[in-house]
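Before any comments, here is the structure.
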Amino acid sequence: MTMLTDFHSHILPGIDDGSRNVEQSISMLQAEAAQGIARVVATPHFYANHNDPNRFLDRRAKAAEALSLAAAGETGLPEVVVGTEVHYFSGMSHSEVLPQLAIAGTRHILIEMPHAPWSESMYRELAEIYTARKLTPVIAHIDRYIRPLHTHGIPGRLEELPVLVQANADFFLDRSMAGMALRMLRKKQIHLLGSDCHNLSDRAPNLGAAVKVIGNRLGQDALARIRGYENRILTKV
């Protein structure tokens, strides 16, 4: 089995609307491990309009430390890498805090975009994040912005930009969306996968099921390509 990374999760305890506590976080990591997931990128929400950056970074560090201490007593859990899911805001490319919100040890940052359609200024802002901050935006859950037969032109426009695209497991597991998801992955319009897990009930870790769908429908080469993107981003972490 190709061991993949869950590139989008809300697994840090007590920091956003994800895991409530360390015990739940450990249970979520155990669920990831049972699905063959090797690494989990923890990406708590950051909203510039109501999160003080310094307070957020302090809370994130404390949550990550608490989870690391608890995980040290367990065996077979995925590696946890700390990042942030940054909600888009105008002028973000000139924010000095942006590099601190990137996935730890890398020059990549997960960006949650507004619901489609997007304005031209939003596309320019994404490009400016790369040129001004030397950070590569990773567009979070592309499936949230498109629907079957109605993509708002987003996948094609993103191909023109210095960005990577992350899709949620649900994209491949929803019968009404799976065909589009597989086509986009085949066309290399999707680079990374995530569960976007928040808990163990209605938003539980489910990336393993999507990996099986991709392997069955597109073969191991598609999974190996995803793994290649992961390695290029995370090998220095």
Among the residues of the stretch 135-152, is there at least one that is open to solvent by less than 30 Å² (accessible area, probe 1.4 Å) and over 22 Å from Tyr47 (Cβ atoms)?
-> yes
Out of all the residues in the stretch 102-146, which are closer than 24 Å to Cys197 by Cα and over 19 Å from the mean Cα position of the chain (by Cα)?
-> none
Among the helices (runs of 4 or more DSSP H) confined wholly to the stretch 71-174, which include 2 or more residues that are under 21 Å from Glu32 (Cβ atoms) and at pLDDT 95 or above?
-> 169-173
So, of the residues in the stretch 41-67 that are among the small types (Gly, Ala, Ser) and either within 11 Å of Pro13 (Cβ to Cβ) or within 18 Å of the chain's Cα centre (by Cα) (or both), which turns out to be surrounded by the most Cβ atoms within 10 Å (Cβ to Cβ)?
-> Ala42
For the stretch 8-31, the count of residues that are out of contact with any Ser or Thr (no Cβ under 8 Å at 6 or more places or on another chain) and on the phi < 0 side of the Ramachandran plot equals 13
By residue number, the members of the stretch 201-237 that are assigned to a loop (DSSP other than H, G, I, E, B) and in contact with a helix residue (DSSP H, G or I) (Cβ under 6 Å, 6 or more places away or on another chain) are Pro205, Asn206
Looking only at the stretch 23-40, decide whether some residue is within 18 Å of the chain's Cα centre (by Cα), at pLDDT 95 or above and in a loop (DSSP other than H, G, I, E, B).
-> yes
Quick one: in the stretch 204-237, of everything that is free of Cβ contacts under 8 Å to residues at least 24 places away in the same chain and among the basic types (Lys, Arg), which residue is surrounded by the fewest Cβ atoms within 10 Å (Cβ to Cβ)?
-> Arg232
Residue hits (the stretch 68-97; surrounded by 16 or more Cβ atoms within 10 Å (Cβ to Cβ), under 16 Å from the mean Cα position of the chain (by Cα) and either in contact (Cβ under 8 Å) with a residue 40 or more places away in the chain or more than 28 Å from His150 (Cβ to Cβ) (or both)) are Pro78, Val80, Val81, Val82, Gly83, Thr84, Glu85, Val86, His87
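The values are calculated or read from the model by the stated rules, or taken from the named source; none is laboratory data. As the structure is a prediction and not an experimental result, all values here were calculated from the model. Glycine also receives a Cβ, built like all others from the backbone with ideal geometry; neighbour counts cover every protein chain displayed. Just so you know, the surface numbers come from the protein's heavy atoms only, side chains and all, with ligands and any DNA or RNA stripped out. Shrake-Rupley method; radii C 1.70, N 1.55, O 1.52, S 1.80 Å.
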